[in-house]
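What follows is a short report on a single structure.
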Amino acid sequence: MKLFYAEGSPYARIVRIALLELGLDATTEKEVVTLRDPDSALLPYNPVGRVPTLLLDDGTILTESLLIFYYLDTRHSGQMLLPRDGSDGWATMARMGTAMGLIDGLAVWNRALRRPVEERSQFMLDLERTRAGRTLDALEQAVAGGAYAGRMDAARIALGATLGWSERRHRTFDWRAGHPALSAWHDAIETHPSFAATLPPIVDY
Ligand SMILES: N[C@@H](CCC(=O)N[C@@H](CS)C(=O)NCC(=O)O)C(=O)O
């Protein structure tokens, strides 16, 4: 299989971390592609033009990180990234949903900041700042209460990848402020080799 990705993408980062965690990285071909580019090498494979995109050995194209997680869970015999039999009370799914919601909101906000100042919608910037703050407050409580702990499942990967991405690519927002438990949680997970190997380049947004 082959993964198309961009180094700055938080969504692609969660898949790259998952490949490393599952021991599938070495056998997965990879290509860095440009985004929002009519000449991108990705477009002949995926008309949606988004990363992560996974090309399977039979030519099937998977776009959407969650669908890729589903597929990766069929390719290993260890513990599932996304347990789907209710064995953990759907807790991983619930935590994954919150982490993906955080990524989605930050990605929308980040994209808005790349527009010229006069083209930005203050309403949208305020909405996303509020959403992120509210979600982080809930995550702070959850992490302080022992959630997102234990083995490396999809929820831990998604939350850790997003916080590290935000710190390097969405620097307008200090997610650590007022969130000491989350901050300590992130410092611990970021030392993990799969996280250290996928750190996105720093930009000032
Ligand atoms: N819901 C998608 C979101 C993926 C996504 O938005 N990726 C961004 C990079 S962070 C992208 O490829 N953007 C290119 C574009 O919007 O044209 C997923 O989970 O994979």
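Considering only alpha-carbon pairs that sit under 8 angstrom and 6 or more positions apart, the relative contact order computed for the stretch 1-94 is 28 percent. For the chain, the square roots of the Cα gyration tensor eigenvalues, ordered a ≥ b ≥ c, give a/c of at least 1.5 with a/b no greater than b/c, which places it in the oblate category. Global dimensions of the stretch 95-205 from alpha-carbon coordinates: Rg and Dmax equal 13.9, 45 Å.
Comparing ARG168, ARG114, ARG95 in a Gaussian network model of the chain (Cα springs below 10 Å), the most mobile by mean-square fluctuation is ARG114.
For GLU31, the residues whose amide H sits under 5 Å from its own are LEU3, PHE4, TYR5, ignoring neighbours fewer than 5 places away on the same chain, with H placed 1.01 Å from N.
Ranked by the mean number of other Cβ atoms within 10 Å of their residues, highest first, the peptides 66-79, 115-128, 8-21 come out as 8-21, 66-79, 115-128.
For the stretch 32-123, the gyration tensor built on C-alpha atoms gives an oblate shape. Its axis ratio a/c (a ≥ b ≥ c) is at least 1.5, and a/b is not larger than b/c.
Projected label points at LEU43 and GLU64, each 7 Å from Cα along the beta carbon direction, are separated by 2.4 nanometres. Here the label points at ALA197 and GLU118, each 7 Å from Cα along the C-beta direction, are separated by 4.8 nm in the simple model.
Relative to the compact-globule estimate of 2.2 N^0.38 Å, the Cα radius of gyration of the stretch 2-72 comes out at 1.00. Here the chain carries DSSP beta bridges of which approximately 60% are antiparallel, counting only pairs with both residues inside.
For the pair ASP88 and SER183, a Förster radius of 30 Å applied to the C-beta separation gives a FRET efficiency near 0.75, rounded to the nearest 0.05. Relative contact order, whole percent, for the chain stands at 23, derived from Cα pairs under 8 Å and 6 or more residues apart.
A short reminder: the numbers here are calculations on the coordinates, not readings from a lab. None of these values were measured; they are calculated from a predicted model. Because the Cβ atoms are built from the backbone with ideal geometry, glycine has one as well, and the counts that use them run over all protein chains shown.
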